[in-house]
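The values are calculated or read from the model by the stated rules, or taken from the named source; none is laboratory data. Predicted model, so just to flag it, every value in this text is computed and none were measured. Methodologically, a virtual Cβ is constructed for each residue, glycine included, from the backbone with ideal geometry; neighbour enumeration extends over all protein chains shown.
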Amino acid sequence: MYHLHAALTDLAISDPDDAVSTLPRLPVLERLLAGADRAAAPLDWRRWALSVAGLSVPPGDLPIAHTLAAAAGIALQADVTWFVATPVRLVAGMSRVHFDGQGPLVLDGAARAALAERFARDFADGTLLLVDAGGQLLLRIAAALEVATQDPATLTGRSLGDGAPRGADAGRLQRLSTELQMWLHAQPVTAVDGRGANGLWLWGAGHAPLAGAARWPVLACDDAFLGAAAAGADTAPGRVLDTWVVADLVRAGDTVADADRRWFEPLAARLRDGELAGAELHCAGRVYRLRRGQRWRVWRRVRPWWESFA
């Protein structure tokens, strides 16, 4: 038996009233949630994953780009800020600009290398650098910026303004982001799924080190930051950390309605059959703790899943 820690990274909504008419019910998930024990957790699923591994960081952005740059062997300097530069597709609607509903884009190695080379040619002022570090594009700014950002995966389908940076240097970052949109609009880059990227979303600019004695679960997800943070650390036997991403379902030709079949039916079966000692589901700042015997809590009211996650 093993214990599963799973983050539902983008199965969250902002308007329960709108959800009634736009989202499918997920009966298996809803029954699991009805019987679960609930607890507050960090809103950021990566921060929660770090806590599962026994690590913590001060408030503010996680040091995602900083960690990825170090893992790629890049020499880190003082008074420099590193950002993850995620390719996104922005769509202009009737009244707003919003993020594409299929989530952030993935570029192949040739496209990343060509984009970094083009950036070096077009932004040759020495203060900015775009590099391909282990499959992720990272942007270096030669200044220590104070800014809070958001992972673009949490902004899928939402308004561009919902992800606006905050902090003393937010204006500078927004101006740069707008300049990058104009730069890519003139010559979009094509992702592996054929979509065109017309923006680079800058995020993950924290500097604070990870603190604590790490004891990582086995990573079943391919998150580059967690992989870099866990490299060389002790692994806790019998625990697995995974991520379940709606955008991945969409890219595979499925929909939100397929989440029960892909994720929650197998989870319920593993709990019922005793394959799992227990499970934790993280979503939108809450953890739902699941055990085998909870399926007998039939007196608990089953509610639409979005009412739990809103």
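Screening Ala110 with (1) in contact (Cβ under 8 Å) with a residue 40 or more places away in the chain; (2) in a helix (DSSP H, G or I); (3) of a type in the set (A, V, I, L, M, F, W, C); (4) farther than 16 Å from Leu62 by Cβ gives one miss only, at (1). Any chance you could count how many residues in segment 275-292 are over 17 Å from Pro42 (Cα atoms) and either of a type in the set (Asp, Glu) or in the same structural domain as Gln150 (by TED's automatic domain parsing) (or both)? Number of matching residues: 1. Scanning segment 19-63 for residues that are within 23 Å of Thr255 (Cβ to Cβ) and part of a loop (DSSP other than H, G, I, E, B) yields Leu23, Pro24, Arg25, Leu26.
With respect to Pro104, determine if the residue is out of contact with any Cys (no Cβ under 6 Å at 6 or more places or on another chain), surrounded by 17 or more Cβ atoms within 10 Å (Cβ to Cβ) and either at pLDDT below 90 or closer than 16 Å to Ser177 by Cα (or both). For Pro104, the condition - out of contact with any Cys (no Cβ under 6 Å at 6 or more places or on another chain), surrounded by 17 or more Cβ atoms within 10 Å (Cβ to Cβ) and either at pLDDT below 90 or closer than 16 Å to Ser177 by Cα (or both) - is met.
Look through Val189, Val218 and report the one residue that is touching a residue at least 60 places away in the same chain (Cβ under 8 Å) and either within 30 Å of Gly73 (Cβ to Cβ) or not hydrophobic (A, V, I, L, M, F, W, C) (or both).
Val189
Whenever a residue of segment 47-64 is over 19 Å from Pro237 (Cβ atoms) and among the aromatic types (Phe, Trp, Tyr), its partners that are modelled with pLDDT of 95 or more and surrounded by 22 or more Cβ atoms within 10 Å (Cβ to Cβ), lying with C-beta atoms within less than 6 angstrom and at least six residues away or across chains, give the pairs Trp48/His282. Just so you know, in segment 133-144 the residues that are modelled with pLDDT under 95 and surrounded by 19 or more Cβ atoms within 10 Å (Cβ to Cβ) include one that is farthest from Ala12 (Cα to Cα), and it is Ala133.
Residue by residue, here is whether (1) at pLDDT 90 or above; (2) in the same structural domain as Ala72 (by TED's automatic domain parsing) holds:
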position	(1), (2)
Gly199	yes, yes
Pro217	yes, no
Ala224	yes, no
Val245	yes, no
Ala268	yes, no
Arg295	no, no
